[in-house]
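Since the structure comes first, as structure tokens, the remarks are kept for the end.
The values are calculated or read from the model by the stated rules, or taken from the named source; none is laboratory data. On a predicted model such as this, the values are computed, not experimentally measured, just so you know. Counting neighbours? That spans all protein chains shown, and the Cβs are built from the backbone with ideal geometry, glycine included. Keep in mind that these areas ignore ligands, DNA and RNA; they rest on the heavy atoms of the full protein, side chains included. Shrake-Rupley method; radii C 1.70, N 1.55, O 1.52, S 1.80 Å.
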Amino acid sequence: MLPLHGMTVIAVEQYGAGPFGSMLLADMGADVIKIENPAEGGEVGRHVGPFYFDKGDSHFYQAFNRNKRSITLNLKHPEGQRIFRALVAKADATLDNLRGDLPEKLGVTFDALKDANPKIVCAHLSAYGRTGSRKTWPGYDYLMQAETGYLSLTGEPDGPPARMGLSIVDMMTGLLAAYALTCGVFGARETGKGRDMDVSLFDTALHNLSYLATWYLNGGHVQGREARSAHPSLVPSALYRTKDGWIFLMCNKEKFWPILAEKLGHPEWADDPRFRTFKDRLENRDLVTEILDAALMQKTTDEWTAILGGAVPAAPVHNVAQALENPFVAERGGVADFARRAGEAGPPVRMLTGPVRVGGAEVPARAAPALGGDTADVLSTIGLGPDDIARLRADRVI
């Protein structure tokens, strides 16, 4: 049995951050019921290109919605609200990633739902929070990276500011939403009372500044970009040239420097007063880069990875294809075919597996659901039969 077996989550979500968070819950066994507006052709992620299996079934959508169920329901319709509340009465939590002012308007807050279920936990993921001067603002990952300093930390010192190549704020906030929801449900099961739990893209991005924020707040230090993606204070911990490309070395403990020196054929570097400690190497960073480049350029990245692997923290610099074709990924079971459910069109979807390994249980591997594919089954749990379903479809409620 998976850890979250028996937990039901009603997800009012779209695009990336919210679906990423609820997907992590579904991987752990939660029954995630995804609500999609039939008038809009389902959530927007279904239509994010450029790659599709079929209309309304994009690769993007599949990447964020494995192991869930989908129902169509118009929450702006009074009958849709009645059905939503009936579902909430049997659920443990809701999760939404709506603009900050919309959960209240759509009736997906604890105050709006506590009469239907006093133990319901309502997890909200917004751009800038549900309170304050920006609660009505739309917002996206790259904006957060820009405003909270990420772009000033990424890229070469003499180049323009650069964002991270992935929507890391979206995914981190989705993870925090799943964490907040699970914490809320744990509390509700202990106390019998639910609550709202809030996370935002902005707050998450800011919080990730972590030790750099502490450096500034206590010492006034403003960290900027370092050449070759280097660590601001630990040397060597950066990109270095090889015969055919690049390798990233991270001697983040003192014990690794003499090992690296020996592996590179220069054991004398270990006792050289210019390189003996982190402080010494930081003061001579440019010289360290110069001598490491000269040594590493004698062999290829793959050769050095084989020599250094397991002795010195080192990694080749891969593109996306190389990363996915890495034999270690196959060894870890990092990629799998996710089967479509019976009756759903389309081939199996080859995707990444979840990062959490669960002892004694097999994590599900179902492709993302077809639009509204579970509507009849889910609505049957609140007493609605075929005739009711037909009427609701005719009235555009589902």
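What the table below lists for this structure:
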| item | result |
| --- | --- |
| Pairs with Cβ under 9 Å, 6+ apart, first in region 63-76 and within 24 Å of ILE389 (Cβ to Cβ), second of a type in the set (Asp, Glu) and surrounded by fewer than 22 Cβ atoms within 10 Å (Cβ to Cβ) | LYS68/ASP31; LYS68/ASP374; ARG69/ASP31; ARG69/ASP374; ARG69/ASP377; SER70/ASP374; ILE71/ASP374; ILE71/ASP377 |
| Count - residues of region 147-166 that are in a helix (DSSP H, G or I) and touching a residue at least 60 places away in the same chain (Cβ under 8 Å) | 2 |
| Candidate set from region 218-242 (those that are touching a residue at least 60 places away in the same chain (Cβ under 8 Å) and of a type outside the set (Ser, Thr, Tyr)); member that is farthest from LEU151 (Cα to Cα) | LEU239 |
| Members of region 71-122 found to be touching a helix residue (DSSP H, G or I) at 6+ places or on another chain (Cβ under 6 Å) and hydroxyl-bearing (Ser, Thr, Tyr), listed by number | THR72, THR109 |
| Elements of type helices (runs of 4 or more DSSP H) in region 279-391, at least 3 residues being surrounded by 14 or more Cβ atoms within 10 Å (Cβ to Cβ) | 285-296, 301-308, 375-380 |
| Region 12-63, residues that are part of a loop (DSSP other than H, G, I, E, B), open to solvent by less than 10 Å² (accessible area, probe 1.4 Å) and β-branched (Val, Ile, Thr) | none |
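Listed here are the residues, each with its yes/no results for (1) open to solvent by less than 70 Å² (accessible area, probe 1.4 Å); (2) at pLDDT below 95; (3) farther than 28 Å from ALA89 by Cβ; (4) outside any loop (DSSP other than H, G, I, E, B).
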residue: LEU125; (1), (2), (3), (4): yes, no, no, yes
residue: TRP137; (1), (2), (3), (4): no, no, yes, no
residue: GLN145; (1), (2), (3), (4): yes, no, yes, yes
residue: TYR179; (1), (2), (3), (4): no, no, no, yes
residue: THR182; (1), (2), (3), (4): yes, no, no, yes
residue: GLU190; (1), (2), (3), (4): no, no, no, yes
residue: MET197; (1), (2), (3), (4): yes, no, no, yes
residue: THR204; (1), (2), (3), (4): yes, no, yes, yes
residue: LEU212; (1), (2), (3), (4): yes, no, yes, yes
